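First comes the structure, then the notes that go with it.
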Amino acid sequence: MKVIENVSRRDFLRSFGAMAGLVIGARLMPDNVFAATRVSGNEMQPNVFVSIAPDGTVTVVCHRSEMGQQVRTSMAQIVADELEADWSRVVVAQAEGDSKYGDQNTDGSRSVRRNFTLLRQAGATARTMLEQVAAAWWDVPDHECDAINHEIVHKSSGRKFEFGELTHAAALIAPPPLSALTLKDRENWRYIGKSVPSVDHWDIVRGRGVYGIDIQLDRMKVAVVARPPVLYGKVRSFDDRAALAVRGVEQVIELPALEPPAAFNPLGGVAVIASNTWAAIQGRASLEIEWEHGGNSAYESNAYREQILANSRQSGRIVREDGDVDLALRDAERTISAEYVVPHLAQAPMEPPVATAWVQDGRAQVWASTQTPQSTRREVAAALAFDESQVRVDVPLLGGGFGRKSKPDFSVEAALLARHANAPVKVLWTREDDLRNGYYHTVSAQRIEAALDEDGKTTAWLHRSVFPSIGATFDDKKRSATPTEMRLGFVDNPFDIPNMRLENGEAEAHVRIGWLRSVANVYHAFATQSFAHELAIAAGRDPKDYLLDLIGPPREIDLAAKGVAYDNYGDPIDVYPIDTGRLAHVVRTAAKMAEWGRELPQGRGLGIAAHRSFLSYVATAVEVEVSAAGDLAIPSLWIAIDAGTVVNPDHVIAQCEGGSVYGLSCALLSEITMSQGAVDQANFDNYLVARMNDAPKAINVHIVNSDAPPSGVGEPPTPPLAPALCNAVHAATGKRIRNLPIGDQLRV
């Protein structure tokens, strides 16, 4: 490799006139996404995110997984804007799992917020290099050359170069340091902030989009696995004769039993490998397996619910304390309390987990619908006793994820079975597998007690949160919540209440606990915002006005000053403060959209809730109609979101719509229950999700115009839905819903 730096204009021009067919230049900087500059086949690639071909085609590499949130489009918009590319000449390539791209985890609503500046710098690097090359050729100062719509233009003379004409030459110079880049002013953005059409829609609607389930390889086998119905269960014995008699079944293999902690490891069980999907499923159905269920077989949902409720009535570990709650409760004019329960939930993406693996010649390749390609690569390598360099992970489109596909257990299954079969193997999870053997959103019990003064103002707030922790998936002895779970809508309570104590009670996990869209914000927002409505009713106040009083005056909450460790979703608190003014603003905006305070006919009611999560602020107002028989309909839903700088408004609107309907499913219908340690639900006939007739008749979204840094969008619309819905139900019927799902609680 030849390193060329500090090239004089004279030497550059000499080189430019005598180029060979392949020139490679590099600035090597370990662990830096701007490390490589190269030309391969006359293509310029100044960094890992962008390349420009001699014909002018710009390829943007998307290093996050596409699962319907349109991240491939948003990331390309950011790069193309700073590059000054013609959008019609931009294509998107999907990155494989590789540390050279930095963080690739597509979870936590951080794809845009964590990469906004990085991708702008990637585009600006390529633009600057093209401008420098053109300036050298024309022998003019760099600042006289501008990139304008896929051309480098010399402003005074009007001379132009197409991007593609300069790519080969640009590889002769080193990329500029980041400190030398000039990013475009906001008013000059062409694509950022605009509703650019998705780069994937046409392929998807025409059936050309390739999802994990679509992967086909020569000699590929299909496998399904009979997994233990109870966590840490084991195969005592099995009879595979009937399975092997099924036409197309080739092998039956017992997988190693799972030992605690579960982490991202497969559950074990018995795998059936066949030449086709139907044979594999029929073969599995023919297996005769005797299971040894283990200690978790005593897990029963109803009994466990009472257990964690009892724990919520006892003092727990204090995670935040302001003032003197005990004194304020003792001296209060009156106190009220309430308890809230949210059940286990399954992510239930439309495409269940699926992965294809091929292990040969000391290397493994995996095609996986994964949200975390690097952890997939790491876990597959560990399972095969390979170095990570021996494993490649490619990421097709995901048919939904919601947190389930952040766990690579299904990819590890595929790799182990592919090595055993000495052929490519696709591991399919059926819907029954997905619901019965997943990583579940935790069951939770919340108890809140508050003190009111003679004017109905809240003077004390005692909140206990009890739930099996995600941490137990990685440490089976863990009984308390992780700091991460506590900062998801709990310790960051925004209310202006002088006396506040927040406690966490212990709970033991009996299933694999995982994250689901917005994670602990789901149950913390449900309890907090529902209880805010209860306080308003107790005080004889308008719920919206009372919520604004609880939020209090505009201010930035300093949790560090309160002695609370808070990681702020992993981002700097000075950049993303807890800003109650922004929270109050979305409340007022959503209320105005819903025409809060208008007269409604009997059986109709309005509810409102607001929540800060993933650094964004969302308020949701819901109108419900409840018939005399208890049938629930939602005529309208209003959402106000402040997500800072927005890259693609259409995507934000879609995420607000989808996130709200997802929250509606969880609030209205969805529930995972356990009997003798096993999941009772099997498919969408008994794990219910919102259908078209359940969805709001109209969803109205307002995006707050903001020049604040970008914040999360995929998850924040979900948490406020359940409390807003239940508050609306109370307004319509007088019935208070404290246990989710609503189900048939409104039935007469």
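The values are calculated or read from the model by the stated rules, or taken from the named source; none is laboratory data. What you see is a predicted model, and the numbers here were worked out from it, not measured in a lab. Backbone-built Cβ (ideal geometry, glycine too); neighbour counts: all protein chains shown.
Of all strands (runs of 3 or more DSSP E) completely enclosed by the range 380-459, which ones contain at least 3 residues that are under 30 Å from V522 (Cα atoms) and out of contact with any Gly (no Cβ under 7 Å at 6 or more places or on another chain)?
444-452
Looking at the range 702-748, which of the residues that are in contact with a Phe, Trp or Tyr (Cβ under 6 Å, 6 or more places away or on another chain) and buried (at least 20 other Cβ atoms within 10 Å of the Cβ) is nearest to G570 (Cα to Cα)?
Top of the filtered list is G712.
Identify all residues within the range 497-526 that are hydrophobic (A, V, I, L, M, F, W, C), in a loop (DSSP other than H, G, I, E, B) and either surrounded by fewer than 24 Cβ atoms within 10 Å (Cβ to Cβ) or more than 17 Å from the chain's Cα centre (by Cα) (or both); write none if there are none.
Residues satisfying the conditions are I497, A507, A509, V511.
Which ones in the range 142-158 are over 13 Å from E131 (Cβ atoms) and free of Cβ contacts under 8 Å to residues at least 24 places away in the same chain?
Within the range 142-158, S156, S157, G158 qualify.
Which of the residues belonging to the range 665-715 are closer than 30 Å to S616 by Cα and polar (S, T, N, Q)?
Answer for the range 665-715, where residues must be closer than 30 Å to S616 by Cα and polar (S, T, N, Q): S665, S670, N693, N700, N705, S706, S711.
Determine whether P554 is in contact with a strand residue (DSSP E or B) (Cβ under 7 Å, 6 or more places away or on another chain) and in contact (Cβ under 8 Å) with a residue 24 or more places away in the chain.
Spelling it out, it is not the case that P554 is in contact with a strand residue (DSSP E or B) (Cβ under 7 Å, 6 or more places away or on another chain) and in contact (Cβ under 8 Å) with a residue 24 or more places away in the chain.
Need at least 2 residues that are charged (D, E, K, R) per element, so show me which strands (runs of 3 or more DSSP E) inside the range 138-198 make the cut, counting only ones lying wholly within it.
In the range 138-198, the matching strands (runs of 3 or more DSSP E) lie at 160-162.
Please work out if R377 is over 13 Å from W429 (Cβ atoms) and surrounded by 21 or more Cβ atoms within 10 Å (Cβ to Cβ).
So R377 fits the description; yes.
If you take the residues of the range 71-110 that are part of a helix (DSSP H, G or I) and hydrophobic (A, V, I, L, M, F, W, C), which of them is nearest to the chain's Cα centre (by Cα)?
That would be V71.
For the range 35-56, name all the residues that are surrounded by fewer than 20 Cβ atoms within 10 Å (Cβ to Cβ), touching a helix residue (DSSP H, G or I) at 6+ places or on another chain (Cβ under 6 Å) and either at pLDDT below 90 or under 25 Å from N648 (Cβ atoms) (or both).
Scanning the range 35-56 gives N42, V48, G56.
What are the residues in the range 166-196 that are touching a residue at least 24 places away in the same chain (Cβ under 8 Å) and among the charged types (D, E, K, R), if any?
Listed by number, the residues that qualify are K184, R186, R190, K194.
I want to confirm something. Restricting to the range 179-226 and keeping residues that are touching a helix residue (DSSP H, G or I) at 6+ places or on another chain (Cβ under 7 Å) and within 30 Å of G269 (Cα to Cα), which single residue is surrounded by the most Cβ atoms within 10 Å (Cβ to Cβ)?
Only one residue fits best here, namely A223.
Looking only at the range 560-578, count how many residues are in a loop (DSSP other than H, G, I, E, B), touching a strand residue (DSSP E or B) at 6+ places or on another chain (Cβ under 7 Å) and hydrophobic (A, V, I, L, M, F, W, C).
Count: 1.
Within the range 349-357, can one find any residue that is under 18 Å from D409 (Cα atoms), of a type outside the set (V, I, T) and in a helix (DSSP H, G or I)?
No; the residues of the range 349-357 include none that is under 18 Å from D409 (Cα atoms), of a type outside the set (V, I, T) and in a helix (DSSP H, G or I).
Just checking, does the range 648-666 include any residue being at pLDDT 95 or above and not in a helix (DSSP H, G or I)?
The answer is yes, given that some residue of the range 648-666 is at pLDDT 95 or above and not in a helix (DSSP H, G or I).
Here is a list of conditions, (1) in a helix (DSSP H, G or I); (2) under 19 Å from A507 (Cβ atoms), and S315 meets all of them except one; can you say which number that is?
(1)
Looking at the range 93-123 only, could you name the residues that are touching a residue at least 40 places away in the same chain (Cβ under 8 Å), touching a Ser or Thr at 6+ places or on another chain (Cβ under 8 Å) and over 19 Å from P710 (Cβ atoms)?
G97
Restricting to the range 259-286, and then to whatever is part of a loop (DSSP other than H, G, I, E, B) and buried (at least 19 other Cβ atoms within 10 Å of the Cβ), can you tell me which residue is farthest from the chain's Cα centre (by Cα)?
Ranking the candidates gives G268 first.
Which residue out of V319, V272, V246 is touching a residue at least 40 places away in the same chain (Cβ under 8 Å), closer than 30 Å to A561 by Cα and of a type in the set (A, V, I, L, M)?
None of the others qualify; the one that does is V319.
Out of curiosity, is A450 of a type in the set (A, V, I, L, M), crowded, with 23+ Cβ neighbours inside 10 Å and touching a residue at least 60 places away in the same chain (Cβ under 8 Å)?
So A450 passes the test.
Which one of these does A536 not meet: (1) at positive phi; (2) assigned to a helix (DSSP H, G or I); (3) aliphatic (A, V, I, L, M)?
(1)
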